[in-house]
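Single-structure report; data block below.
The values are calculated or read from the model by the stated rules, or taken from the named source; none is laboratory data. Since this is a predicted model, take the numbers as computed values, not measurements. Ideal geometry is used to build each Cβ from the backbone, glycine not excepted, and the neighbour counts take in all protein chains shown. Areas reflect the complete protein model, heavy atoms only, side chains present, ligands, DNA and RNA absent. Shrake-Rupley method; radii C 1.70, N 1.55, O 1.52, S 1.80 Å.
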Amino acid sequence: MHIGFLLPEYPHENVATTGGIGTSIRNVALSLTSNGHKVSVFIYSQNENKIFYDGTIKVHKIKQQVSKMYLTWYTNRKYIQNYVQNYVSEDQIDVLEAPDWTGITAFMKFSIPLVIRLNGSDTYFCHLDGRKVKSKNAYFEGKALRSADKIISASDFTAQKTKELFKLNNTIDTVHNGIFTNYFLPLPAANVKENNVLYFGTIIRKKGVLELASAFNKVIESNPEATLTLLGKDTVDIFDNVSTLQLFYNLLSKEAKKQVTHIQQVPHAEVKTYLAAAAVIVLPSFAEALPMTWIEAMASAKPLITSDVGWAKEVMIHNETGYTVNPKNHELFAEYMIELLQDKNKREKFGAYAREVALKNFDIMGSILQKNIKAYKAVMLKK
C-alpha cells in the first residue's frame with residue numbers, strides 16, 4: 001500500500017514546528033515503511049513548496065495561500081486538495097489520512113478513501129478545558145468528520161467524547177498511539193538524580209502545569225532538596241494572555257522557586273536523556289487524546305504521577321505503573337511525589353511494570369501496526 005498523511009506539523013529540521021500529532025504520525029509512518037509500505041506526508045500551512053525525504057518517507061511542504069478575497073480558508077483548502085490530488089495520481093497513493101484538528105479536509109474531495117484520526121479536535125479540547133470553541137472550527141471539524149470514509153481514534157475516551165460532541169453515528173475504531181519501545185530504554189540507576197522530578201511537554205494550562213506549581217510547594221515543605229525540571233516550550237495562557245511559565249513561577253513559594261529549572265524545547269532525540277535522569281515523571285494533564293509523553297516515560301521504565309481523567313485508564317494502572325490523581329488535589333499529588341522520591345524500591349517496581357505495559361500495549365511495531373494496516377485495507381475495500 002501507499003499511504004498519504006495530510007498534517008499541520010512534522011518532526012523534522014526542515015519543518016519549523018511540531019507537536020504530538022506530528023510525532024505520533026511519524027511513528028505510524030516509520031512503522032509502515034518498515035513493514036514494506038510506501039508513505040507520503042503532506043504538511044500544509046508552510047512558508048514554501050518543497051519536497052524532501054525523511055529516510056524513505058516523501059515529505060511535501062505546502063505553502064500557505066493568501067487570497068485578497070474573504071474566502072481565503074476556502075481557496076487555501078482547494079489549493080491543498082489539488083496539490084495532494086496531483087500526487088495521489090502521480091505517485092499512486094491508495095488512501096489518505098488526516099487529523100481531526102480544525103477540520104482541514106472540510107470541502108475537500110479526493111479520488112481515494114479518506115481516513116480521519118482523532119487525536120483531539122479543537123471542539124474536543126475546548127470541551128475538556130471548559131472553553132467556548134470558535135464556531136468556524138466546530139463547523140469545519142463536524143463537516144470533515146461526516147465526510148470521512150472512516151474514523152479511527154487514539155483512545156476509546158476520545159472516540160466516545162467526539163461522537164457525543166458532534167452527534168456522530170459512525171463506528172469508530174480505536175488504534176492507540178504507539179512508540180518505538182526499543183528507542184526509549186531504561187538506563188542504570190546510577191544515571192538517576194535521586195531528588196529530581198521531571199515534567200516534559202508544552203508549558204500550557206491544559207496540561208496541568210499550574211496545578212503542579214501548587215503541589216510542588218508542598219513537596220518542598222517536606223523535602224527541601226527536591227528539584228523540578230520543566231522541559232518544554234512556553235505558551236501564552238488562553239485565559240490571562242500572559243506567559244504560562246510566568247504564571248507558574250508566580251504560584252511558587254520563595255523556597256520552591258529556587259528548586260525549579262526550565263529548559264526550552266529540545267530536539268526529540270534528546271528527550272530520552274532527561275527522562276533517564278529523572279527519579280519521578282509528573283504529567284498532570286487535563287486534556288489529551290492519548291499522550292505520547294506518558295507512554296515514552298513508561299517505556300523508559302519511569303514511575304509516573306498522572307491525572308486520572310478520561311483516557312488515563314487506557315494507559316496507566318494506578319498503584320502499579322505509578323499513581324493517577326486529580327491534579328486539583330494538590331495535597332494528594334504532593335504526597336505521591338514525596339513518597340516516590342523517598343522510596344527507591346517502589347520507584348523501580350513501578351518503573352519496571354510501566355515498561356512491561358508499554359511493551360505490551362504501545363509498541364508501534366506490534367498490534368498497533370497491524371490495526372493501522374487493517375483500517376487502511378478495510379476502507380480501501382469499502383470504497
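Return the percentage of antiparallel bridges among DSSP beta bridges fully within region 1-146, rounded to the nearest 5 %. Provide the component values of the computation, followed by the final result.
Working: 5 of 23 bridges.
Bridges in region 1-146 are about 20 percent antiparallel.
Go ahead and run the numbers for FRET between residue 169 and residue 329, Cβ-Cβ distance against an R0 of 41 Å, rounding to 0.05. Kindly include the intermediate steps, with their values, before the conclusion.
On the way: r = 37 Å, r/R0 = 0.91.
Using R0 = 41 Å, I get an efficiency of 0.65.
Sequence neighbours fewer than 8 away in the same chain don't count; with that in mind, list the aspartates and glutamates whose C-alpha is under 14 Å from residue 167.
Straight-line reach from residue 167, under 14 Å: 141.
Give the aspartates and glutamates whose C-alpha is closer than 15 Å to that of residue 272, dropping any in the same chain fewer than 8 places away, or say none.
Output for residue 272: 296.
Could you calculate the FRET efficiency of residue 51 with residue 17 from 1/(1 + (r/R0)^6), where r is the beta carbon distance between them and R0 is 30 Å, rounded to 0.05?
Numbers: r = 19 Å, r/R0 = 0.63.
Using R0 = 30 Å, I get an efficiency of 0.95.
Quick check: residue separation of residue 240 and residue 73 times 0.36 nm, minus the Cα distance between them. What number comes out in nm?
Numbers: separation 167, 0.36 × 167 = 60.12 nm, distance 2.83 nm.
The span from residue 240 to residue 73 would gain 57.3 nm if fully extended.
Treating the angle as unsigned and between 0 and 90°, give the value, to the nearest 10°, between the Cα long axis of helix 156-166 and the longest Cα principal axis of the chain.
60 degrees
Under 16 Å Cα-Cα from residue 134, which aspartates and glutamates qualify once same-chain neighbours fewer than 8 residues away are excluded?
Correct list for residue 134: 100, 122.
If I model a spin label at residue 273 and residue 319 as a point 7 Å from the Cα along the Cα→Cβ vector, what separation in nanometres do I get?
3.9 nm
Extension gain residue 349-residue 156, at 0.36 nm per residue separation less the Cα-Cα distance, in nm?
Values: separation 193, 0.36 × 193 = 69.48 nm, distance 2.79 nm.
So the chain would gain 66.7 nm between residue 349 and residue 156.
Could you give the longest part of the chain that holds none of the chymotrypsin sites (Phe, Trp or Tyr not before Pro) found in DSSP loops with at most 16 neighbouring Cβ atoms within 10 Å? Display every interim value, and only then the final one.
Values: sites that count: 70, 107, 180, 183, 239.
The answer is 240-383.
How many angstrom lie between the Cα centre of region 72-103 and the Cα centre of region 325-347?
46 Å
Keeping all protein chains in place, calculate the accessible area per residue for region 289-383 (probe 1.4 angstrom), answer in Å². Show your work: numbers first, answer last.
Numbers: 4160 Å² over 95 residues.
With the other protein chains kept in place, region 289-383 gives 44 Å² per residue.
Among DSSP beta bridges lying fully in the chain, give the percent that are antiparallel, nearest 5.
Rounded to the nearest five, the antiparallel share is 10 percent.
For region 29-185, which whole-number percentage of the solvent-accessible area (1.4 Å probe, protein heavy atoms only) is attributable to carbon and sulfur atoms? Can you show the working numbers first?
Values: 3530 of 7150 Å².
Roughly 49 percent, rounded to a whole number.
Could you sort the peptides 56-63, 367-374 by per-residue average Cβ neighbour count (10 Å cutoff), highest mean leading? It would help to have the intermediate numbers written out before the result.
Working: 56-63: 18.6, 367-374: 17.0.
Result, highest mean Cβ count within 10 Å first: 56-63, 367-374.
Using a simple spin-label model with points 7 Å from Cα along the Cα→Cβ vector, what separation in nm is obtained for residue 255 and residue 137?
Spacing of the two 7 Å Cα→Cβ label points: 4.0 nm.
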